[in-house]
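Visitor: I'd like to ask some things about the structure below.
The values are calculated or read from the model by the stated rules, or taken from the named source; none is laboratory data. None of the values given here were measured: they were computed from a predicted structure. Neighbour counts are summed over all protein chains in view; Cβ atoms, including those assigned to glycine, are modelled from backbone coordinates with ideal geometry. Heads up: the accessible areas ignore ligands, DNA and RNA and are worked out on the full protein's heavy atoms, side chains in. Shrake-Rupley method; radii C 1.70, N 1.55, O 1.52, S 1.80 Å.
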Amino acid sequence: MWAVVGVLFTLLPLVHWLLRARSTPLRASVAAGLRLWLALVLAVAFDLLWLRSEAELYLLYTPLAELVVLVGLWLDRRIVGPRTERPAGWPRAAGIAFRCQLALVLLATPLLALVAFHEAQIPSAKAVPKPPPGYTVLDAREDCGNGHGTVCWRTLYLAGPPDVPTAEAADRLRPRQRCEANGWLLDRRDLCTEVSTDGARIVYRVLLGGSV
C-alpha cells in the first residue's frame, strides 16, 4: 500500500507536466529532464549508484522536480499564451494533487532536513574508499559513541603492502583534507577521516557527527 503511494508521489511531477504541457519542444525537453532526475533517484534506491548522503537526494527530489514543472508551465504560457479552457478530468485531478504535494513539501522538507541532518549516523559505505592495490582488508567494523556530541564511524583494518613499514603505508593513505561536508547542499555534517596504526595494522576510520 505505502509502496504504491510512494511511487505515485514520486511520479506526480512528471505526470502533471505531461498532462498539462502543450505540444512544444519545451514539453519533450522538460519531460526528459524529469525522467533523468527520477532515474537518478531510482538508481540510488536500488543500489545501482551510491551516494554519501542518500537522504539528501531523496529530500531534494520532489522540491526540485516541482520547481522544474512550475518554471516549465510558466515558460509554456509565455511561448503559447494563456489557456482558454479550464482543465478537466485527469489533468484537473493531477493539478489538484500537484498543488497539495507542493504545499506538503514546502512544510515538511525543512523539518525533515532538520531531523535527518542533525543527529550522527553511520557514514555511508560510499564514504570509505576502496583500498589501493597492495593493501589488504583484515576487518571492517562500524559503531557509534555515547553521550553529548555523539559521533558514528566506519573502520577498516588494513595490512599494508609487503616490505613497506606500517607507519609509511599509513602515511600513503592519509587524505589531504581531513574533514568535509557529508552532502552537497542540505547535509552539512562533518565527515572526517582518520588514519592511524594499531601494531602491524593500519586503522582507516571515517566519522560522521551531528550538526552543531
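Visitor: Relative contact order for the chain: what percent, with Cα pairs under 8 Å and sequence separation of 6 or more?
Guide: 19
Visitor: Restricting attention to the chain, give the cysteines that have no other cysteine Cβ less than 4.7 angstrom from their Cβ.
Guide: 100
Visitor: Can I ask one more? Once you wrap a convex hull around the alpha carbon atoms of the range 73-182, what is its projected area averaged over all directions, in nm²?
Guide: Mean projected area of the Cα convex hull: 13.8 nm².
Visitor: While we're looking at this one, here's another question. Roughly how many Å is it from the Cα centre of the range 9-78 to that of the range 85-102, as a whole number?
Guide: 17
Visitor: Oh, and also: Tell me, what % of the accessible area of the range 1-142 is carbon and sulfur with a 1.4 angstrom probe?
Guide: 70
Visitor: Same structure again: Measure nothing fancy, just the Cα-based angle from helix 54-80's long axis to the longest principal axis of the chain, in degrees from 0 to 90, nearest 10.
Guide: Approximately 30 degrees, to the nearest 10.
Visitor: Something else: Specify the angular offset, from 0 to 90 degrees and rounded to the nearest 10, of the alpha carbon long axis of helix 25-45 from the longest principal axis of the alpha carbons in the chain.
Guide: 30
Visitor: Now for a different question. In square nanometres and to one decimal, what's the mean projected area of the convex hull around the Cα atoms of the range 119-181?
Guide: The directionally averaged projection comes out at 5.3 nm².
Visitor: Roll a 1.4 Å probe over the protein chains and send me the accessible area per residue for the range 109-212 in Å².
Guide: 62
Visitor: Give me the accessible area per residue for the range 1-67, probe 1.4 Å, as a whole number in Å².
Guide: 57
Visitor: Once all Cα-Cα distances of the chain are split into 10 Å bins that start at 0, what whole-number percent is in each one?
Guide: All Cα pairs considered, the percentages come to 7, 25, 25, 18, 13, 8, 3, 0.
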